[in-house]
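Notes follow the structure.
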Amino acid sequence: MGEQVEPVRLTAWVRGRVQGVGFRWWTRSRALEIGLTGAATNLEDGRVEVVAEGPRADCERLLEHLRGGGTPGHVDSVIERWSVPGGSFDGFVER
């Protein structure tokens, strides 16, 4: 079970109608409830990039939220990448 508490970095690219609908604010609220650090950033191509750091199980909870039906706007797809945490985040910010 040790791998579940080791910190990881989740990078998720969310495609759909996710800009201008409160999606980053909503993502930040979920991440803070779970206790993750990171950022949600609007990309020029219309996607939102979500970077979250914390225990893998907690990052997977956030990913479930992103893929669930309760998001603002409309999510068409979420592409995820797992990596080593950079530890550069203080809190969770919208960019």
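Values as computed for the structure displayed
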item: Every residue from region 1-27 that is open to solvent by 50 Å² or more (accessible area, probe 1.4 Å), at pLDDT 95 or above and touching a Pro at 6+ places or on another chain (Cβ under 6 Å); result: Arg9
item: Of the criteria (1) open to solvent by 70 Å² or more (accessible area, probe 1.4 Å); (2) under 14 Å from Arg95 (Cα atoms), which one Val50 fails; result: (1)
item: Residue tally, condition open to solvent by 10 Å² or more (accessible area, probe 1.4 Å) and either closer than 11 Å to Leu66 by Cβ or free of Cβ contacts under 8 Å to residues at least 40 places away in the same chain (or both), over region 33-46; result: 7
item: Filter result for Arg30 (open to solvent by less than 60 Å² (accessible area, probe 1.4 Å) and basic (Lys, Arg)); result: yes
item: So Gly70, is it loosely packed, with under 13 Cβ neighbours inside 10 Å, without any contact (Cβ under 8 Å) to a residue 24 or more places away in the chain and on the phi < 0 side of the Ramachandran plot; result: yes
item: Residue selected from region 73-95 under the condition assigned to a loop (DSSP other than H, G, I, E, B) and open to solvent by 50 Å² or more (accessible area, probe 1.4 Å), by the criterion nearest to Gly22 (Cα to Cα); result: Arg95
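The values are calculated or read from the model by the stated rules, or taken from the named source; none is laboratory data. The model shown is predicted, which means the values in this text are computed figures rather than measured ones. Reconstructed Cβ throughout: ideal geometry from the backbone, glycine too, with neighbour counts over all protein chains shown. Note: accessible area is taken over every heavy atom of the protein model, side chains too, but ligands, DNA and RNA are not part of it. Shrake-Rupley method; radii C 1.70, N 1.55, O 1.52, S 1.80 Å.
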